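J.: Have a look at this one.
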Amino acid sequence: MQRVNHTLLTEFILTGIPYPPRLRTLLFVFFLLIYILTQLGNLLILITVWTDPQLHARPMYIFLGVLSLIDMGISSIIVPRLMMNFMSAIKPILFAGCVAQLYFYHFLGSTQCFLYTLMAYDRYLAICRPLRYPVLMTAKLSTLLASGAWMAGSIHGALQAILTFRLPYCGPNRVDYFFCDIPAVLRLACADTTVNELVTFVDIGVVVASCFSLILLSYIQIIRAILRIRTADGRRRAFSTCGAHVTVVTVYYVPCAFIYLRPGTNSPLDGAAALFPTAITPFLNPLIYTLRNQEVKLALKRMIGGPRTKSKV
């Protein structure tokens, strides 16, 4: 079989998301505000959890602080590059930059997936095993579990990046997406991608399905325990501690399942769905956790109000 000599690519062009040209400035300002507010909101949660003595030693808020770090990272990897799409000149991304973007996105994304599972397990222990909770879930154990999530995420991200970029890329170099992600990049490979698509489907499918199943099992037990609470106020307080987590899990998992668990598809809706885990969810998480979590709101008041507020509380 005759082989054609191709020059391997040194850069890619990200086509971004389709938009009417008249909305170029508006969209740039919109995503700039989203990015700034995401960083400020998550930084505020980090500072609040770290400085408040009632929060920083509790497992639930250790996980929340890690989630804020992940959200800041994902937003910084994706959104600034997305905003370049709304500038007059398209700036290519270097091959090494594309590799790094894909790796860090899947590293942080899978770590977030594992972290949501740990947060669900933490809520399960707190509601279903309240008397043994301080023994079963200590600050040291939660730190170790969060470290394990980081390690597992880094391995997953490295696996996906190695499998994707072991293939030759010799042109064209236009990635029909707003960042370097597996399905869009694989379409440019100068080789058969069947094995890659299968491994991606199985690997991401196993991670998403197993994490989601564990979260679902945790909440089945949580709902059973809450329904056994006799007072309406007790049930309301128990539900309120889980409401924020259920909301962010739903916003995160539904778009991810839509994008990665349909091998061989190329839907224009993929880009819109990908905006949720990359830009919208990191922006919403601080709002969800501050608006629905009474302890975080009180901690913010103590931090902003200073000693006088602390003495009143």
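The values are calculated or read from the model by the stated rules, or taken from the named source; none is laboratory data. As the structure is a prediction and not an experimental result, all values here were calculated from the model. Heads up, the Cβs are rebuilt from the backbone with ideal geometry, glycines too, and the neighbour counts pull from every protein chain shown. Surface accessibility is based on the protein's heavy atoms, side chains included, excluding ligands, DNA and RNA. Shrake-Rupley method; radii C 1.70, N 1.55, O 1.52, S 1.80 Å.
J.: Select from region 60-83 the residues that are open to solvent by 10 Å² or more (accessible area, probe 1.4 Å) and not small (G, A, S) and list them in ascending order.
T.: Answer for region 60-83, where residues must be open to solvent by 10 Å² or more (accessible area, probe 1.4 Å) and not small (G, A, S): M60, I62, V66, L69, M72, I77, P80, R81, M83.
J.: Continuing with the same structure: Please go through region 161-175 and pick out each residue that is open to solvent by less than 70 Å² (accessible area, probe 1.4 Å) and in a helix (DSSP H, G or I). Steps first, answer last, please.
T.: Within region 161-175, the subset open to solvent by less than 70 Å² (accessible area, probe 1.4 Å) is 161, 163-165, 167-171, 173, 175.
Selection gives A161, L163, T164, F165.
J.: Further, regarding this structure: Hey, can you tell me all the residues within region 128-143 that are touching a residue at least 40 places away in the same chain (Cβ under 8 Å) and surrounded by fewer than 17 Cβ atoms within 10 Å (Cβ to Cβ)?
T.: So in region 128-143, the residues touching a residue at least 40 places away in the same chain (Cβ under 8 Å) come out as 128, 137-139, 141-143.
Within region 128-143, C128, T138, A139, L141, T143 meet the criteria.
J.: Write out, first by first residue and then by second, each pair whose Cβ atoms fall under 6 Å of each other, whose residues are 6+ apart or on separate chains, and whose first residue, in region 61-88, is in a loop (DSSP other than H, G, I, E, B) while the second is at pLDDT 90 or above and open to solvent by 10 Å² or more (accessible area, probe 1.4 Å).
T.: As it stands, the answer is F86/L27; F86/F28, since those pairs meet every condition given.
J.: Residues to consider are C256, C190, C242, C211; find the one that is modelled with pLDDT of 85 or more, of a type in the set (A, V, I, L, M, F, W, C) and buried (at least 20 other Cβ atoms within 10 Å of the Cβ). Break it down into steps so the answer makes sense when it comes.
T.: Working: C256 fails: modelled with pLDDT of 85 or more; C190 fails: buried (at least 20 other Cβ atoms within 10 Å of the Cβ); C242 fails: modelled with pLDDT of 85 or more.
Residue meeting the stated conditions: C211.
J.: Would you be able to tell me the number of residues in region 86-103 that are within 17 Å of P21 (Cβ to Cβ) and touching a strand residue (DSSP E or B) at 6+ places or on another chain (Cβ under 7 Å)?
T.: Within region 86-103, the first condition is being within 17 Å of P21 (Cβ to Cβ), and the residues that meet it are 86-90.
Still in the list and also touching a strand residue (DSSP E or B) at 6+ places or on another chain (Cβ under 7 Å): 90.
The qualifying residues number 1.
J.: Another question, if that's okay. State which residue pairs qualify: first residue more than 18 Å from P255 (Cβ to Cβ) and inside region 101-121, second residue surrounded by 22 or more Cβ atoms within 10 Å (Cβ to Cβ) and of a type in the set (S, T, N, Q) in any location, beta carbons under 6 Å apart, and separation of 6 or more residues or different chains.
T.: Matching pairs, first to second residue: A120/S218; Y121/S218.
J.: Moving to a separate point now. State all residues of region 136-174 that are among the aromatic types (F, W, Y) and in contact with a helix residue (DSSP H, G or I) (Cβ under 6 Å, 6 or more places away or on another chain); if no residue qualifies, say none. Please lay out each step first, then the result.
T.: Step one: filter region 136-174 for residues among the aromatic types (F, W, Y), giving 150, 165, 169.
Across region 136-174, the qualifying residues are W150, F165.
J.: Does any residue of region 144-160 turn out to be in a helix (DSSP H, G or I), open to solvent by less than 50 Å² (accessible area, probe 1.4 Å) and in contact with a Cys (Cβ under 6 Å, 6 or more places away or on another chain)? Let's see the steps before the verdict.
T.: Taking region 144-160 first, the residues in a helix (DSSP H, G or I) are 144-160.
The next check asks that each one be open to solvent by less than 50 Å² (accessible area, probe 1.4 Å); those that pass are 146, 148-149, 152-154, 156-158, 160.
Adding the requirement that they be in contact with a Cys (Cβ under 6 Å, 6 or more places away or on another chain) leaves none.
For region 144-160, residues in a helix (DSSP H, G or I), open to solvent by less than 50 Å² (accessible area, probe 1.4 Å) and in contact with a Cys (Cβ under 6 Å, 6 or more places away or on another chain): absent.
For (1) more than 19 Å from R58 (Cα to Cα); (2) surrounded by 23 or more Cβ atoms within 10 Å (Cβ to Cβ); (3) among the hydroxyl-bearing types (S, T, Y); (4) modelled with pLDDT under 90, each residue gets a yes or a no:
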| residue | (1), (2), (3), (4) |
| --- | --- |
| G97 | yes, no, no, no |
| L102 | yes, no, no, no |
| L108 | yes, yes, no, no |
| T111 | yes, yes, yes, no |
| Y121 | no, no, yes, no |
| A126 | no, no, no, yes |
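J.: Then there is this: So which residues in region 190-211 are more than 16 Å from I259 (Cα to Cα) and out of contact with any Leu (no Cβ under 8 Å at 6 or more places or on another chain)?
T.: Step one: list which residues in region 190-211 are more than 16 Å from I259 (Cα to Cα), which gives 190-195, 210-211.
Within region 190-211, D192, T194, V195, S210, C211 qualify.
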